[in-house]
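Below is one structure, written out as structure tokens; the observations come after it.
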Amino acid sequence: MQLDGRRLLIVTGKGGVGKTTVAAAYATALAQRGKRVLVAMCNAKERLSSMLGSDLIGTDVIPAGTNVWAVNMTPETALEEYGMLALKSKALYSLLFDNKYVRVFFRAVPGMQEWAMLGKAWWHTLEERPDGSPKYDVVILDAPATGHGLDMLRTPKVIVDVVPPGLLRRDAERAWNMFTDPKATGVVLVTLPEEMPTTETIELAGALTKELDLPIARVVVNGVLPPLFSPDERARLESLHVAPVDPGTSALDAATAVRERIQAESLARLARELPIEPAFFPLLFDDAANPKAIAELAKRL
């Protein structure tokens, strides 16, 4: 799996490519290897419980399977937790943060809501059990889709660069040191074997590595079809879009050939332009949002 030892995995990609499916599969695979895993979603439409066969996942951390826990973070609850941790007192937190003007101020500060959730995920990597061992061996952050996700990952660097010395900058600096350490953190990019997701993934990889210096640990191409036709067969079938259909050849064959060509071109681009060789998840013709499907995908890791 080549991810052993990393405390934080950040799963991101274009919306609709299956980020949560990949996060669930990694959580299952790591848990089967004896790792204690927390999956942290970012104010998401909750589908993870169906994939793991657990109770609905809300803002409190709950067990979601053997060696797996999960939470669906919101900016408000994440900020509350961060405030109580920073101030070391629930009473002092209530005195300060229950003020509606203070709440409006924090909602208005650019990046504060993103930092609250990202910082909470980072904080979970530091939690310990009574014997001093990590509470979670791995935290998997199911990050927002590309644009919002990139803005979230920029936040601690912005805080380190512009915020005066103090508690907020100290924590952001500690988190940023971890995020940029390839032994501790890895970004998992999820994409589809299609033109637009491929282009967006290559651009995202460039921003992560060149602008933010974040380590890419894995690229997962979701929904890959096993090829049915050779390149020559694909070319002949594609010609049916502009020529009469051959007897015994269906429009479905022609459409499949087009999809196979696009898939092959996308996989070639990803292999050529990304710094790490992609891994593949097959297209599941049944619903992937169930524990059986996730267990099958986890085997491929």
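The values are calculated or read from the model by the stated rules, or taken from the named source; none is laboratory data. Because the structure is a prediction, the values reported are computed rather than measured. Using ideal geometry, Cβ is built from the backbone for each residue, glycine included, and neighbour counts are taken over all protein chains shown.
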Subset of region 135-146, residues out of contact with any Lys or Arg (no Cβ under 7 Å at 6 or more places or on another chain) and modelled with pLDDT of 95 or more, comes to Ile140, Leu141, Ala143
Which of the residues that make up region 154-195 are at positive phi and assigned to a helix (DSSP H, G or I)? none
State yes or no: is Val22 within 17 Å of Trp69 (Cβ to Cβ), of a type in the set (Val, Ile, Thr) and under 15 Å from the mean Cα position of the chain (by Cα)? no
Region 125-148 residues that are part of a loop (DSSP other than H, G, I, E, B), paired with ones that are β-branched (Val, Ile, Thr) and surrounded by 14 or more Cβ atoms within 10 Å (Cβ to Cβ) (beta carbon under 8 Å, 6 or more apart): Tyr136/Val37; Tyr136/Thr125; Asp137/Val37; Ala143/Ile10; Ala143/Val11; Ala143/Thr12; Pro144/Thr12; Ala145/Thr12
Considering each residue of region 27-47, count those that are touching a Leu at 6+ places or on another chain (Cβ under 7 Å) and closer than 21 Å to Asp60 by Cα, and give that number. 5
Here is a check on your reading of the model: is Ala143 in contact with a helix residue (DSSP H, G or I) (Cβ under 7 Å, 6 or more places away or on another chain), of a type in the set (A, V, I, L, M), closer than 24 Å to Thr28 by Cβ and surrounded by fewer than 21 Cβ atoms within 10 Å (Cβ to Cβ)? no
Among the candidates Ala268, Ala264, which residue alone is without any contact (Cβ under 8 Å) to a residue 24 or more places away in the chain and closer than 11 Å to Pro193 by Cα? Ala268
Would you tally the residues in region 44-84 being buried (at least 17 other Cβ atoms within 10 Å of the Cβ), within 17 Å of the chain's Cα centre (by Cα) and either not β-branched (Val, Ile, Thr) or not in a loop (DSSP other than H, G, I, E, B) (or both)? 11
Select, from Asp171, Asp181, the only residue that is among the acidic types (Asp, Glu) and over 19 Å from the mean Cα position of the chain (by Cα). Asp171
